[in-house]
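Contents: one structure, followed by commentary.
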Amino acid sequence: MKLAGLEIFAVAPPPPGWGGRYWLIVRLTTACGITGLGEVYAAAVGHKAMQAVIADVFGRHMEGESPENIELMFRRTYSSGFTQRPDPTVIGAFSGLEMACWDILGKARNRPVWALLGGRMNNRIRAYTYLYPEPHHDAARFWVDADMAAEAAANRVAEGWTAVKFDPAGPYTIRSGHMPAMSDISRSVAFCAAIRTAVGDKADLLFGTHGQFSTPGAIRLGRAIAPYDPLWYEEPVPPDNAAALAEVASGTGLPVAVGERLTTKAEFAPVLRGGGARILQPALGRVGGIWEAKKIAAMAEVYNAHMAPHLYAGPVEWAANVHFGVSIPNLLMVEAIETPFHDALVSGRPRVENGFVMAPEEPGLGITLNDAVALAHPVMSDRLHLEAQEAPCDWQNGNAFGGGAAD
């Protein structure tokens, strides 16, 4: 069984684009005709350039190799260009390709991927959702309106969800860490108060930020929301600053979560060592793939830390997250995005029911790409999957972060 063919699908979800402006889905084919799907997360270069990187990584390090030799192919990629250090672009490309190898291996053995990762640790896994506007909400105002967010949260709890995420503390900019505007702090408190009142003790509050604050700014904001007991304070400062993460954790008393922008165990190890975060959120389409995420989970277990794999992508990374979550003992929960387009793009997608996902039973990742849907939604823009704004924090007129909606 040798890897022989690569196809890349650059897919743009229709507006509002929950999950990003586009998804890069790969399909590998072996010489004996078995196919596997993977997904590359959030490239830092345009999608055409990233497709070239994916093709280069496959042709240089994987083509002609057995899909079983994941460790060997990872080491080739990690060492490419005499680097042997984390490179989010190259490792991101490998991550999606590695996912596809696991899909192939599961199909070849007629077993779900989790069965190849140490077996089933969890029969079902807890899921959480971001808060998105309800159909009757003003989609622009939703992101700054605590009452709308509380209504959405109450509706999700009525559906069975036990955790909801929101991030009212914008902005996310290209500049270095800033002090939050007082209006940002007030809005954040209002959101926490309204959502906590709406859900009571039926759901955890997950407070999201995007690494945008200075250390004292993150501490100020964290202390203000602490009375509402959020389960986590996500990426309050840049995630590669382990000392700052530890200072925020100590200064606020809040559990700090981090990881969607980190890649490989080399970047997660300092975070664990420094004590700043005990909830890790790897994006499997960037971190190095499923096997590298398993290594990070093992490190986290030693530090009594939880795993909560991140998702702001398409349904292939979601399926990988579920198989990963089924296989580990220190899973906290997985992020879910449920839209009609996610359902249309692949069949067999694991579904959230009453706030939980059952362990899949189909071979491999258990999903099949709908080529016609993928090809009918090509990427037409050269903008990136996610982008930071250039304008600085607005201390006079207020700020807003639009929940990652593609505009």
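Checking each residue in the range 1-36 for being surrounded by fewer than 19 Cβ atoms within 10 Å (Cβ to Cβ) and either without any contact (Cβ under 8 Å) to a residue 24 or more places away in the chain or of a type in the set (Ser, Thr, Tyr) (or both) picks out GLU7, THR29, GLY33, THR35.
If the condition is being within 21 Å of the chain's Cα centre (by Cα) and surrounded by 14 or more Cβ atoms within 10 Å (Cβ to Cβ), then the range 352-367 contributes VAL352, GLY355, PHE356, VAL357, MET358, ALA359, PRO360, GLY364, LEU365, GLY366, ILE367. Considered as a group, the residues in the range 1-34 that are at pLDDT 95 or above and among the basic types (Lys, Arg) include one that is farthest from ALA372 (Cα to Cα), and that residue is LYS2.
Has the range 373-387 got at least one residue that is touching an Asp or Glu at 6+ places or on another chain (Cβ under 8 Å), touching a residue at least 24 places away in the same chain (Cβ under 8 Å) and among the small types (Gly, Ala, Ser)? Before the answer, list the steps.
In the first step, residues of the range 373-387 are kept if they are touching an Asp or Glu at 6+ places or on another chain (Cβ under 8 Å); the result is none.
Within the range 373-387, none of the residues are touching an Asp or Glu at 6+ places or on another chain (Cβ under 8 Å), touching a residue at least 24 places away in the same chain (Cβ under 8 Å) and among the small types (Gly, Ala, Ser).
Taking the criterion of being surrounded by fewer than 20 Cβ atoms within 10 Å (Cβ to Cβ) and without any contact (Cβ under 8 Å) to a residue 40 or more places away in the chain, the residues of the range 197-220 that qualify are GLY200, ASP201, SER214, THR215, PRO216.
Output the residues belonging to the range 37-47 that are surrounded by fewer than 22 Cβ atoms within 10 Å (Cβ to Cβ) and hydrophobic (A, V, I, L, M, F, W, C).
Residues satisfying the conditions are ALA44, VAL45.
I'm trying to understand the selection: among the residues of the range 232-271, which are in contact with a strand residue (DSSP E or B) (Cβ under 8 Å, 6 or more places away or on another chain) and of a type in the set (A, V, I, L, M, F, W, C)? I'd like the intermediate steps shown before the answer.
Keep residues of the range 232-271 that are in contact with a strand residue (DSSP E or B) (Cβ under 8 Å, 6 or more places away or on another chain), which gives 232-237, 239, 245, 248-249, 252, 254-259, 268, 271.
TRP232, VAL237, LEU245, VAL248, ALA249, LEU254, VAL256, ALA257, VAL258, PHE268, VAL271 - these are the residues of the range 232-271 that are in contact with a strand residue (DSSP E or B) (Cβ under 8 Å, 6 or more places away or on another chain) and of a type in the set (A, V, I, L, M, F, W, C).
When the helices (runs of 4 or more DSSP H) confined to the range 161-276 are screened for residues that are farther than 30 Å from ARG351 by Cα, among the charged types (D, E, K, R) and in contact with a Pro (Cβ under 8 Å, 6 or more places away or on another chain), those reaching at least 1 such residues are found at 182-199, 215-225, 264-274. Can you tell me which residue within the range 370-396, out of those that are crowded, with 17+ Cβ neighbours inside 10 Å and in contact with a Pro (Cβ under 9 Å, 6 or more places away or on another chain), is modelled with the highest pLDDT? By that ranking, first place goes to HIS377.
The residues in the range 317-345 that are touching a residue at least 12 places away in the same chain (Cβ under 8 Å) and over 17 Å from ALA127 (Cβ atoms) can be counted, and the count is 4.
Residues are listed down the side, and each one gets a yes or a no for (1) among the acidic types (Asp, Glu); (2) more than 22 Å from the chain's Cα centre (by Cα):
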| position | (1), (2) |
| --- | --- |
| MET182 | no, yes |
| ALA190 | no, yes |
| SER214 | no, yes |
| ARG223 | no, yes |
| GLU235 | yes, no |
| ALA269 | no, no |
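All conditions in (1) modelled with pLDDT under 95; (2) surrounded by fewer than 19 Cβ atoms within 10 Å (Cβ to Cβ) hold for GLY118, with the sole exception of (1).
Can you confirm whether the range 178-193 contains a residue that is buried (at least 18 other Cβ atoms within 10 Å of the Cβ), under 18 Å from THR339 (Cα atoms) and touching a residue at least 24 places away in the same chain (Cβ under 8 Å)? Within the range 178-193 (the criterion being buried (at least 18 other Cβ atoms within 10 Å of the Cβ), under 18 Å from THR339 (Cα atoms) and touching a residue at least 24 places away in the same chain (Cβ under 8 Å)), the answer is no, since none of the residues qualifies.
With the structure loaded, tell me whether GLY96 is closer than 15 Å to LEU3 by Cα and assigned to a helix (DSSP H, G or I) or whether it fails that test. Against the criterion (closer than 15 Å to LEU3 by Cα and assigned to a helix (DSSP H, G or I)), GLY96 qualifies.
On inspection, GLY64 fails the criterion of being on the phi > 0 side of the Ramachandran plot and touching a Pro at 6+ places or on another chain (Cβ under 7 Å).
Taken over the range 157-171, residues that are crowded, with 22+ Cβ neighbours inside 10 Å and within 12 Å of VAL199 (Cβ to Cβ) amount to 4.
Which one of these is out of contact with any strand residue (DSSP E or B) (no Cβ under 8 Å at 6 or more places or on another chain), touching a residue at least 40 places away in the same chain (Cβ under 8 Å), more than 30 Å from GLU7 (Cα to Cα) and not in a helix (DSSP H, G or I): ARG120, ARG126, ARG85? Can you show your working first?
Working: ARG126 fails: out of contact with any strand residue (DSSP E or B) (no Cβ under 8 Å at 6 or more places or on another chain); ARG85 fails: more than 30 Å from GLU7 (Cα to Cα).
Only one candidate passes the filter, namely ARG120.
With the condition kept exactly as written, say whether any residue in the range 100-114 is among the small types (Gly, Ala, Ser), touching a residue at least 24 places away in the same chain (Cβ under 8 Å), buried (at least 17 other Cβ atoms within 10 Å of the Cβ) and not in a helix (DSSP H, G or I). No; the residues of the range 100-114 include none that is among the small types (Gly, Ala, Ser), touching a residue at least 24 places away in the same chain (Cβ under 8 Å), buried (at least 17 other Cβ atoms within 10 Å of the Cβ) and not in a helix (DSSP H, G or I). In the condition set (1) surrounded by 23 or more Cβ atoms within 10 Å (Cβ to Cβ); (2) in contact with a helix residue (DSSP H, G or I) (Cβ under 8 Å, 6 or more places away or on another chain), ALA308 is compliant with all but (2). If you go through the range 1-49 and pick out every residue that is in a loop (DSSP other than H, G, I, E, B) and of a type in the set (Gly, Ala, Ser), you end up with 10.
The values are calculated or read from the model by the stated rules, or taken from the named source; none is laboratory data. Note that the coordinates shown come from a computational prediction; the quantities given were computed from them, not determined experimentally. As a convention, Cβ positions derive from the backbone with ideal geometry for all residues, glycine included, and neighbour counts pool all protein chains shown.
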